[in-house]
Amino acid sequence: MFTEENLKKIEELKKKYPTTQALVLPVLWMAQEQFGHISNDTMKYVAQLLNVPYGHILGVVTFYTMYHSKPIGKHHIEVCTNVSCMLRGSAKIVEHLEHRLGVEIGQTSPDMKWTLSEVECMGSCGTAPMFAIGEEYYENLSTEKVDKILSELT
């Protein structure tokens, strides 16, 4: 269940949007912030709360990389592997991260410290290769720069 505060926010949002289906993205964002990820039960809850089909909610959660259907680590590393980053060495960065963190793309470390994900273009083609950790972008990466960034987080 959402907190009373989040339920009030949803009621306020309903006044600003033409349909409850238009509320799906912001309400899912609230759910993820409150619960840490968006489980199947949370998707069903949001669907019922907004009177939107569960299949629509599931489609949104599985389409957008900003939503997580399972718990993620404290540090979520999203590596861009699209064309520009790939041409400038993102595969080497991914391999280095997998070795250093002991997880493969799509996995979370057993201690819940790291989650490693592959994402499509993050709009930093001129400074490839790059990754994001949370809301912070790191560009012009090398394995040495990756090691420095990771050591600052540990």
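Checking the condition aliphatic (A, V, I, L, M) and under 30 Å from residue 41 (Cβ atoms), which residue from 94, 119 passes?
The conditions single out 119.
Return the total of residues in segment 35-45 being surrounded by 14 or more Cβ atoms within 10 Å (Cβ to Cβ), of a type outside the set (A, V, I, L, M) and under 15 Å from the mean Cα position of the chain (by Cα).
Result for segment 35-45: 3.
What are the residues in segment 83-137 that are free of Cβ contacts under 8 Å to residues at least 40 places away in the same chain, part of a loop (DSSP other than H, G, I, E, B) and closer than 18 Å to residue 65 by Cα, if any?
Within segment 83-137, 104, 105, 106, 123, 135 meet the criteria.
Only residues in segment 1-13 that are on the phi < 0 side of the Ramachandran plot count as the first member; pair them with residues that are assigned to a loop (DSSP other than H, G, I, E, B), Cβ under 9 angstrom, at least 6 apart or cross-chain, and list the lot.
From segment 1-13, the pairs are 7/1; 9/2; 10/2.
Anything in segment 46-89 that is outside the structural domain of residue 8 (by TED's automatic domain parsing), exposed (fewer than 15 other Cβ atoms within 10 Å of the Cβ) and more than 15 Å from the chain's Cα centre (by Cα)? List them, or say none.
83, 86, 87
Take residue 101 and decide whether it is surrounded by fewer than 16 Cβ atoms within 10 Å (Cβ to Cβ) and either over 12 Å from the mean Cα position of the chain (by Cα) or not aromatic (Phe, Trp, Tyr) (or both). Walk me through how you get there before you give the answer.
Numbers: surrounded by fewer than 16 Cβ atoms within 10 Å (Cβ to Cβ): no; either over 12 Å from the mean Cα position of the chain (by Cα) or not aromatic (Phe, Trp, Tyr) (or both): yes.
Spelling it out, it is not the case that residue 101 is surrounded by fewer than 16 Cβ atoms within 10 Å (Cβ to Cβ) and either over 12 Å from the mean Cα position of the chain (by Cα) or not aromatic (Phe, Trp, Tyr) (or both).
So which pairs qualify, if the first residue must be in segment 68-80 and more than 11 Å from residue 112 (Cβ to Cβ), the second must be among the aliphatic types (A, V, I, L, M) and surrounded by fewer than 20 Cβ atoms within 10 Å (Cβ to Cβ), the Cβ gap must be under 6 Å, and the two must be at least 6 apart or on different chains?
Close Cβ pairs (under 6 Å, with a partner that is among the aliphatic types (A, V, I, L, M) and surrounded by fewer than 20 Cβ atoms within 10 Å (Cβ to Cβ)) amount to 77/133; 78/119; 78/132; 80/119; 80/122.
The values are calculated or read from the model by the stated rules, or taken from the named source; none is laboratory data. All figures in this text were calculated on a predicted structure; none of them were measured in a lab. Positions of Cβ are backbone-derived with ideal geometry, glycine not excepted, and every protein chain shown enters the neighbour counts.
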